[in-house]
1. If a residue has to be more than 23 Å from A137 (Cβ to Cβ) and at pLDDT 80 or above to count, how many in segment 57-99 make the cut?
2. Do we have any residue at all in segment 119-140 that's among the hydroxyl-bearing types (S, T, Y) and open to solvent by less than 50 Å² (accessible area, probe 1.4 Å)?
3. Would you tally the residues in segment 93-116 being under 23 Å from E61 (Cα atoms) and part of a helix (DSSP H, G or I)?
4. I'm trying to understand the selection: among the residues of segment 31-51, which are surrounded by fewer than 10 Cβ atoms within 10 Å (Cβ to Cβ), of a type in the set (S, T, N, Q) and assigned to a helix (DSSP H, G or I)?
5. Is it the case, given these coordinates, that V23 is open to solvent by less than 50 Å² (accessible area, probe 1.4 Å) and either at pLDDT 85 or above or under 30 Å from L141 (Cα atoms) (or both)?
Amino acid sequence: MRAFARFLSHDRTRADDLVQEAVVRALAARAQFDPETNLKAWVFTILRNLFYEQMRRRRREQAVLDEYGADAATGSPSGADSYQLSDLDRMLWQLPPLLREALMLVGAQGMSYDEAASICGIAIGTMKARVSRARSALIALRDSRGRD
């Protein structure tokens with residue numbers, strides 16, 4: 001496993017971390033393993049999927065960091081951008097905690113409805129409803145501020 005992880009990552013330290021995490025995931029999911037299949041292939045599939053998952057996450061993180069670096073290079077955000085961000089922040093904190101949590105997980109963190117629902121321990125339909133109500137509430141808050 002370690003050799004395969006090193007082949008994928010080209011980094012000894014990252015490979016060791018990858019193997020460790022794959023073993024942890026395999027142990028956690030051992031009830032899902034079918035004894036009539038190949039254990040080695042199953043664990044290597046977990047390792048490969050974990051590697052690709054980490055690569056996707058790194059790309060997203062790097063894109064955010066690059067964007068942040070570009071903003072920092074051009075100076076602080078304009079007054080209008082800063083005002084909009086602070087206004088959004090104030091509106092988010094006006095939402096009920098359950099709606100705010102749902103919106104932050106799905107909207108800001110980029111999680112799927114299924115992932116967010118499992119984190120909150122609720123049905124996926126409930127998560128979709130909370131996100132929808134949160135978005136509607138934000139629009140209503142925005143519109144009411146526009147009339148003031």
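The values are calculated or read from the model by the stated rules, or taken from the named source; none is laboratory data. Given the structure is predicted, the values throughout are model-derived calculations rather than measurements. Ideal geometry is used to build each Cβ from the backbone, glycine not excepted, and the neighbour counts take in all protein chains shown. Note: accessible area is taken over every heavy atom of the protein model, side chains too, but ligands, DNA and RNA are not part of it. Shrake-Rupley method; radii C 1.70, N 1.55, O 1.52, S 1.80 Å.
1. Qualifying residue count, segment 57-99: 7.
2. Looking only at segment 119-140, we keep the residues that are among the hydroxyl-bearing types (S, T, Y), and these are 126, 132, 136.
Remaining after also requiring open to solvent by less than 50 Å² (accessible area, probe 1.4 Å): none.
Checking segment 119-140: not a single residue is among the hydroxyl-bearing types (S, T, Y) and open to solvent by less than 50 Å² (accessible area, probe 1.4 Å).
3. Quick first cut of segment 93-116, residues under 23 Å from E61 (Cα atoms) only: 100-116.
Add one more test, that the residue is part of a helix (DSSP H, G or I), and what stays is 100-108, 113-116.
Counting residues in segment 93-116 that are under 23 Å from E61 (Cα atoms) and part of a helix (DSSP H, G or I) gives 13.
4. Here is the first cut: in segment 31-51, the ones surrounded by fewer than 10 Cβ atoms within 10 Å (Cβ to Cβ) are 31-32, 34-37, 40-41.
Of the ones still in play, those that are also of a type in the set (S, T, N, Q) are 32, 37.
Hit for segment 31-51 is Q32, nothing else.
5. Working: open to solvent by less than 50 Å² (accessible area, probe 1.4 Å): no; either at pLDDT 85 or above or under 30 Å from L141 (Cα atoms) (or both): yes.
When the stated conditions are applied, V23 does not pass them.
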